[in-house]
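Since every read-out is calculated from the coordinates, none of them should be taken as a lab result. Since this is a predicted model, take the numbers as computed values, not measurements. Here Cβ is always computed from backbone atoms with ideal geometry, including for glycine, and neighbour counts include all displayed protein chains.
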Amino acid sequence: MSRSFTAAALASAVVVAGLAVAHAQGMLLDYAADRVIQKYKTSTCDELKAARAAGPSLKEKAALDYLRGDEQARVIFINRIAPTVANKMFECGMFP
């Protein structure tokens, strides 16, 4: 009986830990998306063009690497930022 209890407790702990990690990742994605949205809402076209020419920072490179490796996170992130970023890029003549 104690083995069953131990196995159930371990399984429950794994599920709870998985949910906690997923929640933390969701919070980080929300934070990153909010920062990108604010950047595009508050920046001028000249500022955005200069930032694009300068290339990504180390933090941005790390975030991009993470998003390249996690398709589900990438979809969530892009769905969140796409309307704001695409509209601003269109306004600034930066849309491909």
Taking the alpha-carbon set of the stretch 24-91, what are its Rg and Dmax in Å?
-> 12.2, 35
Residue separation times 0.36 nm, minus the C-alpha to C-alpha distance between Ala53 and Phe90: what's the value?
-> 11.6 nm
Magnitude of the Cβ-charge dipole (Lys and Arg +1, Asp and Glu -1) of the stretch 24-91 about the Cα centre, nearest 20 debye, reported as 100 debye
Length gained when the stretch Asp30-Tyr66 is fully extended (0.36 nm per residue, less Cα-Cα span) | 11.5 nm
Sequence-distant aspartates and glutamates (8 or more away, or on other chains) whose Cα lies within less than 14 Å of Lys41 = Glu91
